Amino acid sequence: MLAIKQEALKAEASRQVEQIKEQVKVSGLEGTVKQATSQEISEMDLGDKVDSKDAAGEFGFIRQFEDGSFEIIVNKDKPAIGVAAHEFLHAVLQNTLKGDTKVQQDLSNALTDYVDTLEGDQAAFKERLS
């Protein structure tokens, strides 16, 4: 039963990757979406900002480039629902926020206000927001 569930999860994760590839085209953003195994990710040259060994343990990640383009890599060995869409949201936000300091500040304020309503210690989350 567990093997069937795992295969279904892999199939759904792959289907979502294909959907996000289509959304990249439709949105007009310059980017690629691909799947790779943990081994393939660990052997990638991801530049100075990302350690490929650390990235190999993640569900997926996005590499955003200075020219506004991006590359989303989803780990085939760690299938999870929503990873490709989550990473695509980073690209959409980057494209939306670049060069517009008012929108950046408004979003920052709204997120900070929301986090202030959450229970528990949110210090680490607030630090990431800042």
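Under the combined filter of DSSP loop state and at most 14 neighbouring Cβ atoms within 10 Å, the range 36-108 retains these chymotrypsin sites (Phe, Trp or Tyr not before Pro): Phe65. Rg and Dmax over the alpha-carbon atoms of the chain stand at 16.8, 52 Å. Among the lysines of the chain, pairs at least eight places apart or on separate chains and with Cα atoms under 12 Å apart come to 4.
Each residue of the range 46-52 was assigned a 3J(HN,Hα) from its phi angle through the Karplus expression (A = 6.51, B = -1.76, C = 1.60, θ = phi - 60°), giving 9, x, 6, 7, 10, 7, 5 Hz with x at Gly and Pro. Taking amide hydrogens as placed 1.01 Å from N in the peptide plane, the amide H of Gln35 sits under 5 Å from those of Val74, each at least 5 positions away in sequence or on another chain. Karplus-derived 3J(HN,Hα) values for the range 81-92, using 6.51 cos²θ - 1.76 cosθ + 1.60 with θ = phi - 60°, are 6, x, 5, 4, 5, 4, 5, 4, 4, 4, 5, 5 Hz; glycine and proline are entered as x.
Read-outs: derived from the displayed coordinates by stated rules, not from any lab. Computed from a predicted structure; not experimentally measured. So basically every Cβ, Gly included, is an ideal-geometry build from the backbone, and we count neighbours across all protein chains shown.
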